[in-house]
Amino acid sequence: MENKCLSCEYFDYDEETDTEGCVRGLDEDDMLRFMTGNTSSCPYYKFYDEYKTVRKQN
């Protein structure tokens, strides 16, 4: 199964540090889940839909 973080709105790439990660402020428990790859129970997961704005315009 593909990592759910890759399709999350809060997962982003930082050009300055050349790293990618969650830009949402996570508490210790959430960060542990993120670091161990257990993202199926992430309470902040929000599907990133880049076409959402376009559908609203039509």
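The values are calculated or read from the model by the stated rules, or taken from the named source; none is laboratory data. As the structure is a computational prediction, the values presented were derived from the model and not from experiment. Counting neighbours? That spans all protein chains shown, and the Cβs are built from the backbone with ideal geometry, glycine included.
So, of the residues in region 42-58 that are within 15 Å of GLY25 (Cβ to Cβ) and out of contact with any Ser or Thr (no Cβ under 9 Å at 6 or more places or on another chain), which turns out to be modelled with the highest pLDDT? It comes out as LYS46.
Of the residues making up region 1-18, those that are outside any helix (DSSP H, G or I), surrounded by fewer than 12 Cβ atoms within 10 Å (Cβ to Cβ) and at pLDDT below 90 are MET1, GLU2, ASN3.
Number of residues in region 23-40 that are without any contact (Cβ under 8 Å) to a residue 12 or more places away in the chain, over 18 Å from TYR13 (Cα atoms) and either touching a Ser or Thr at 6+ places or on another chain (Cβ under 7 Å) or outside any helix (DSSP H, G or I) (or both) equals 4.
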